[in-house]
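Colleague: My questions will all concern the structure given below.
The values are calculated or read from the model by the stated rules, or taken from the named source; none is laboratory data. A quick note: this is a predicted structure, and the numbers were derived from the prediction, not measured. Here Cβ is always computed from backbone atoms with ideal geometry, including for glycine, and neighbour counts include all displayed protein chains. These accessible areas exclude ligands, DNA and RNA; they are computed on the full protein's heavy atoms, side chains included. Shrake-Rupley method; radii C 1.70, N 1.55, O 1.52, S 1.80 Å.
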Amino acid sequence: VIVGPDSAEMHMMMADQFARQGDGANAIGQYRAAIRLNPHLPGVHFELAQQLRNSDDPAVKSQAEQEYRAALRVNEFDAKAWRGLGEVVAEKEDYASAKEDYRKALALQPRDSDTETDLAITWMALNDTHQALLLLESAVKDDPTNITAHFRLSTLYRQLGRPADSEREMESFRHYKAIKDKLGATFQQMRLPGDSQ
């Protein structure tokens with residue numbers, strides 16, 4: 001499909017390219033241009049929200065919540081947007097709202113280890129260690145490489161007086177973190193000088 005040079009789709013493609021290159025400011029500008037042309041373009045509000053959240057400017061960062069909400073008005077079945085919204089409201093310590101957003105995300109993607117972990121952390125903030133424990137145990141089953149889940153589960157086991165379980169999870173955390181760090185270093189070495197991909 002050929003898209004026009006000033007179409008919403010073209011602006012979104014340019015934004016995606018800027019985002020890949022780590023140029024958040026230009027990505028944000030292009031996503032906004034796409035939205036002006038077509039506010040119902042699939043994925044555009046979510047991608048803009050992600051870029052806004054990565055901004056170092058608190059005023060820019062604070063706009064992410066309204067974009068996640070806009071994404072959900074376009075598509076209420078967007079699990080990633082529900083999770084993103086949950087993360088934003090959790091950062092504001094509105095754990096009751098975050099819990100509901102994460103639950104909606106999990107209902108749409110039941111075995112998403114990252115969302116299970118986020119919801120578990122929210123339950124911990126609400127002092128419900130039982131719910132948190134169930135979710136974290138599920139999260140490490142669904143994705144054994146989820147280092148955040150292993151770390152949080154280790155902490156929770158220690159609080160619950162289960163030192164052997166705590167140490168086992170800390171070992172898993174260290175193991176997968178070492179692999180992740182090594183992979184990261186390998187990818188850095190593979191990138192050619194001046195390569196923006």
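Colleague: Pick out the one residue from Ala81, Ala98 that is closer than 30 Å to Ser166 by Cα, surrounded by 20 or more Cβ atoms within 10 Å (Cβ to Cβ) and either without any contact (Cβ under 8 Å) to a residue 60 or more places away in the chain or within 15 Å of the chain's Cα centre (by Cα) (or both).
Modeller: Criteria check complete, one pass: Ala98.
Colleague: Pick from Asp142, Asp118: which is touching a Phe, Trp or Tyr at 6+ places or on another chain (Cβ under 8 Å) and of a type in the set (D, E, K, R)?
Modeller: Asp118
Colleague: Any idea which residue in the range 84-95 is least open to solvent (accessible area, probe 1.4 Å), counting only those that are charged (D, E, K, R) and assigned to a helix (DSSP H, G or I)?
Modeller: Selected residue: Glu87.
Colleague: Could you list all residues from the range 101-130 that are without any contact (Cβ under 8 Å) to a residue 12 or more places away in the chain and either in a helix (DSSP H, G or I) or within 14 Å of Ala81 (Cβ to Cβ) (or both)?
Modeller: Selection gives Ala107, His130.
Colleague: Against the definition (within 30 Å of Leu126 (Cα to Cα) and of a type in the set (Val, Ile, Thr)), how does Val60 come out, yes or no?
Modeller: When the stated conditions are applied, Val60 passes them.
Colleague: Could you check how many residues of the range 1-46 are of a type in the set (Val, Ile, Thr) and either modelled with pLDDT of 95 or more or open to solvent by less than 30 Å² (accessible area, probe 1.4 Å) (or both)?
Modeller: 3
Colleague: Among the listed residues Thr117, Thr122, Thr129, identify the single one that is under 14 Å from the mean Cα position of the chain (by Cα), more than 26 Å from Ile28 (Cα to Cα), among the hydroxyl-bearing types (Ser, Thr, Tyr) and at pLDDT 95 or above.
Modeller: Answer to the check: Thr117.
Colleague: Then there's this: Scan the range 54-65 and report the pairs whose first residue is more than 13 Å from Arg32 (Cβ to Cβ) and whose second residue is among the polar types (S, T, N, Q) and assigned to a loop (DSSP other than H, G, I, E, B), with Cβ atoms within less than 7 Å and a gap of 6+ or a chain change.
Modeller: Going by the 7 Å Cβ cut-off, the qualifying pairs are Lys61/Ser55.
Colleague: Any residue in the range 62-74 that is within 17 Å of Glu9 (Cα to Cα), in a helix (DSSP H, G or I) and either open to solvent by 20 Å² or more (accessible area, probe 1.4 Å) or not β-branched (Val, Ile, Thr) (or both)?
Modeller: Taking every residue of the range 62-74 in turn, at least one turns out to be within 17 Å of Glu9 (Cα to Cα), in a helix (DSSP H, G or I) and either open to solvent by 20 Å² or more (accessible area, probe 1.4 Å) or not β-branched (Val, Ile, Thr) (or both).
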